[in-house]
1. Using a Förster radius of 22 Å, what is the FRET efficiency between residue 277 and residue 347 based on their Cβ-Cβ separation? Nearest 0.05, please.
2. Karplus couplings for segment 92-102 from phi (6.51 cos²θ - 1.76 cosθ + 1.60, θ = phi - 60°), rounded to Hz, Gly and Pro as x?
3. Averaging sequence separations of C-alpha pairs under 8 Å and six or more residues apart, then dividing by the length of the chain, give the relative contact order as a whole percent.
4. Could you give me the ³J(HN,Hα) list for segment 319-326, computed from phi with Karplus coefficients 6.51, -1.76, 1.60 and θ = phi - 60°, whole Hz, x at Gly and Pro?
5. When the gyration tensor of segment 9-75 is built from Cα positions, what are the square roots of 5 times its three eigenvalues, in whole Å, from largest to smallest?
6. Go through the chain and flag any cysteine with no other cysteine's C-beta closer than 4.7 Å, please.
7. Please report the Cα spread of the chain along all three principal axes, rounded to whole Å, starting with the longest.
8. Set the Förster radius R0 to 22 Å, insert the Cβ-Cβ distance between residue 72 and residue 177 as r into 1/(1 + (r/R0)^6), and round the FRET efficiency to 0.05.
Amino acid sequence: MAPTTGPGRIQLAGRTVQLAWLREHSTQTAPLFARARAEVGHAWCLCRRPGLRLVIRCTRAGRYHVAGWPGEGEQHDPQCPFRKLAPGHSGRDHYSTQAIREADDGVYIRLATPLAIPLTHPDTRDAASEDTRDETSSRRSVGLLGLLHWLWEQAQLNVSHPQAGPLTWRKCHARLRQQLREATINGRAMDEALYVVPPFTPAAADANAAALDAFRARLGRHGMTERRALILGQIKEVAPTPYGVAYRLAHQRTPLYARAALHARATRSYRHAFGKTAAEHGATQIALFVVERSPKGHLIAVDLAAMLTTGTYIPADSSYEVVMADALTACRRAFIKPLRYDTADAVLPDFVLTDVAPAAYVEVYGIHGRESYDRRKAEKREFYQRQRGQLIEWDVTQPLPLLARSGQRGPGPSA
Ligand SMILES: [Zn+2]
């Protein structure tokens, strides 16, 4: 018998179902969703007893889905797909509803980078690219790194739980695609405007190639606009070309080309993602590209944001954080990596441990003797005093601190 409570189980109009099953059968379950919405007004998440409310949404295409109830994310079980960090633990808090709007029919995102360039006014392009760097407007629109972090957080790819097993690109792809189906970006359906590189298998090669061709066909000139779109994938190699670089992505043969100046700026802006030490720790680089189609049909990256992750796709702000995330996983700890989105100076914990109550925090101190860094460290300590959670600190010049829960065995040689 399947348990009647536990993560991933939902009650809809009196019927208990698995969330995964609901997502796979969204068409045939539409009447059940409609009844729950009319008769109860919401669904129940059964990860806790009593259950927690879930919002029922219906896209304009008539596709139903459930979402976490605003402000209740922290109450869900650490393993529950609706678990969220408390307010103040995510860069998501810094956006206005103009940038990210959650409505009954899905989430609407306003990306700072234009995805359609009018061809009538040649000046528009420059004005638009300057706009993305404007600090004040960034809160009313989402930058590329903000969008990448939003997707990762929505898909819960910043959550690690010992019972869930390690994340693979196949799992990342499936969860990201689920989020894309429920969102709109700059007025376009997000699953049409953003292509997540699908996992490669010899059997899927032809279907993947056809999907990329269909995506490429949507780019370029349509009437009086030049259409751009987004590609999300894992950078495998950056190879020099006569004009700049070619980004070779994992699971995809077709490279993305970029000018040398863009790559130079990207390595400065995302220095940890492009840093050499990360690769030594088995880290990966995830990137979100804005692409155009060249006259010859090549995919040209015109902008990008990059993010460092562990080998199992948990984001990390430095190679030391990669080491910490892997050590927490080895100690079978449940944790969440808070994401800063476009707000570089947000004071956020490096990691939040969710298998203890209240949640505990992990801080990684990597740099010494910089005034701004010491001030930040003091700010962070103040933050933890307010949160009243346990704080585990690691000064990277010292060995790793004890990370196992009290009474829990460490990652012995047999683990
Ligand atoms: Zn739940």
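Read-outs: derived from the displayed coordinates by stated rules, not from any lab. None of these values were measured; they are calculated from a predicted model. Quick reminder, even Gly has a Cβ in these numbers, built from the backbone with ideal geometry, and neighbours come from all protein chains shown.
1. The value I calculate is 0.30.
2. Result, rounded to whole Hz: 4, 5, 8, 9, 7, 6, 6, 7, 10, 10, 9.
3. That works out to 12 percent.
4. Those phi angles translate into 5, 5, 5, 4, 4, 5, 4, 5 Hz.
5. After scaling each eigenvalue by five and taking roots: 18, 13, 11 Å.
6. 45, 58, 172, 331
7. Each principal axis gives a Cα extent; for the chain these are 64, 61, 46 Å.
8. 0.30
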